[in-house]
Amino acid sequence: MSDDDGDLDEAVTQFLAGADSVYEDYERGYTDADAALHVLESHLQELREAHEES
């Protein structure tokens, strides 16, 4: 596995953890749908950037 593959794997791991956190916060009523989508969108952007760099 190359270093880029490790970086991408780490980005995927971080994305999944962030997405899980957003869903948990939404399910518990800590955030509304618009805020949850905004946070999820930022996690997706970070994942896209990591993919483009690999």
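The values are calculated or read from the model by the stated rules, or taken from the named source; none is laboratory data. What you see is a predicted model; the values in this text were computed from it and never measured. Neighbour counts run over all protein chains shown; Cβ positions are idealised from the backbone, glycine included.
Descriptive notes on the structure:
- Just one of the listed residues (GLY18, GLY29, GLY6) is of a type outside the set (Phe, Trp, Tyr) and exposed (fewer than 11 other Cβ atoms within 10 Å of the Cβ), namely GLY29.
- The one condition in (1) part of a loop (DSSP other than H, G, I, E, B); (2) under 15 Å from the mean Cα position of the chain (by Cα) that ALA19 fails to fulfil: (1)
- The single condition from (1) of a type in the set (S, T, N, Q); (2) part of a helix (DSSP H, G or I); (3) surrounded by 15 or more Cβ atoms within 10 Å (Cβ to Cβ) that SER42 fails is (3).
- Within segment 11-33, one or more residues are in contact (Cβ under 8 Å) with a residue 24 or more places away in the chain and aromatic (Phe, Trp, Tyr).
- Residues considered: ALA50, ALA35, ALA11. Of these, the only one that is at pLDDT 95 or above and small (Gly, Ala, Ser) is ALA35.
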